[in-house]
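Notes to accompany the following structure.
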Ligand code: SF4
Ligand code: SF4
């Protein structure tokens, strides 16, 4: 679309970038049907083409209103519209830039500003978040039923592997996951340990910056990126082979560090190298699928040396269970691919293939490309729309009667688990259990903790 930047935006990098993105759009509307909020609300302005038009008008000098802001706020930044677009419009970048430009002109009501400031302050500080979450969990018995459902007890993490390994990888520390789902990092470390890798979490690293980026704090997002580059760089220099991410929302943000820091001479080269070394845990583990497959069911049946060959540990291999569900049949799973995994990182089918190779029956379901409604802080800022999307997503996921719903991002797992009839877990926890390394913290086989 022809777009002429208004004088007030000339020279502003994000406005120039946004205008370049808008110019790629040919207004064809192929993206509209892919958009969850358009499907829910049926309003052109709650779909990608309508939102692009709103941003274009702002770039050309129109004064945005609270209504403009609302339509942009309702966007999940799920990026389901991107693969549907024949012109390669980078809608996710446009949405972030457009929101920032609109927020400069439209002052939010006090309570909205307070909620956003609280989310930025609490969710990005792991210690504060863990303390508040721990307190809330203690108060859980006296909370209203709706809040009790949202606030599941934590599943214990089990042991972190203690073996020294010749090969090493980094795991990003993250912000909410260690407190919300403590078993995910531990399960990741155990699976990597079984493959012969030691997992290091540099203590100085922290939140990837995605929360600040999407809550209109680009300076805070850049600060987080620089802090993580500083924390990870010495480990990479010392021979760590990859930066592993097990929350795809964080992975999408980390993969963007090279772009975010492109104009910073002190960080641009380091960021580019870090991005090249960053792997979603699915990409990394899938390369070892054959070794893991030997380890899972046959190792349990034979109790033997074939499985032990993965990392030379006969005891763990002998304890490995086979991938069976109720009645001895293969465990039936559905995999909810987070938007950040399938649209952000463009990793599609990798986890499903790995799960099937390890013996699970992976069931198809309808509308797998649609967002579950979690979307970072969206479920907190737009709870009605987020709950509608969750209801639709769970109906689709549970229709084939799975034993388990598996996913790959902390936000989706917590959001879906609060409304699901079957357990919702990170897929790495299931692999961990299949390797018999879950330390008595079963995903499939036993009762859940607390509920
Ligand atoms: S990012 Fe998602 S919610 Fe936003 S316009 Fe695109 S498809 Fe719709
Ligand atoms: S599909 Fe792409 S080019 Fe067509 S309207 Fe949507 S964003 Fe614009």
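Just so it is clear, none of the values below were taken in a lab; they were calculated from the coordinates. In this text the structure is predicted, and so the values were computed from the model without any measurement. In this analysis, Cβ positions are derived from the backbone assuming ideal geometry, glycine residues included, and neighbour counts consider all displayed protein chains.
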Ranked on Cβ counts within 10 Å of their own Cβ, fewest leading, 30, 284 go 30, 284
If you stretched the chain out fully between residue 398 and residue 227, how much longer would it get, using 0.36 nm times the residue separation minus the C-alpha to C-alpha distance?
57.5 nm
Evaluated at 4 °C and 1.567 mPa s, the Stokes-Einstein D of the stretch 93-215 based on the Kirkwood radius over Cα pairs, in µm²/s, stands at 75 µm²/s
Rounded to whole Å and sorted largest first, what semi-axes of the equivalent ellipsoid does the C-alpha gyration tensor of the chain yield via the square root of 5 times each eigenvalue?
38, 25, 21
Cα-based Rg of the stretch 7-105 per 2.2 N^0.38 Å, rounded to two decimals?
0.98
Sequence gap at least 6, Cα distance under 8 Å: using those rules, report the relative contact order of the stretch 167-284 to the nearest whole percent.
29 percent
Sort 394-400, 92-98, 404-410 by the packing proxy (mean of other Cβ within 10 Å over each peptide's residues), most packed first.
404-410, 92-98, 394-400
Just to confirm my numbers, what's the Cα centroid distance between the stretch 174-220 and the stretch 409-428 in Å?
17 Å
Expected output is a single nm value to one decimal: the length gained when fully extending between residue 272 and residue 131, i.e. 0.36 nm times separation in residues minus the C-alpha distance. What is it?
47.3 nm
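Just need the relative contact order of the chain here, percent rounded to a whole number, with Cα pairs under 8 Å and 6+ apart.
Result for the chain is 14 percent.
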Tell me, rounded to the nearest percent, the portion of alpha carbon pairs in the stretch 145-270 spaced more than 22 Å apart.
41 percent
Work out how much length residue 167 to residue 151 would gain on full extension: take 0.36 nm times their residue separation and subtract the Cα-Cα distance, in nm to one decimal.
2.0 nm
If you take every DSSP beta bridge fully contained in the chain, what fraction is antiparallel? Give it as a percent rounded to 5.
5 percent
Taking the stretch 69-155 and dividing mean pair separation by its residue count, relative contact order in percent (alpha carbons under 8 Å, at least six apart):
18 percent
Above 16 angstrom, tally the Cα pairs of the stretch 44-91 and express them as a % of all pairs, no decimals.
39 percent
Calculated log₁₀ intensity ratio I(q)/I(0) where the Debye formula runs over C-alpha points of the stretch 187-239, q = 0.18, 0.21, 0.30 Å⁻¹
-0.70, -0.80, -1.02
Can you give the FRET efficiency for residue 121 and residue 16, using 1/(1 + (r/R0)^6), R0 = 30 Å, r = Cβ-Cβ distance, to the nearest 0.05?
0.45
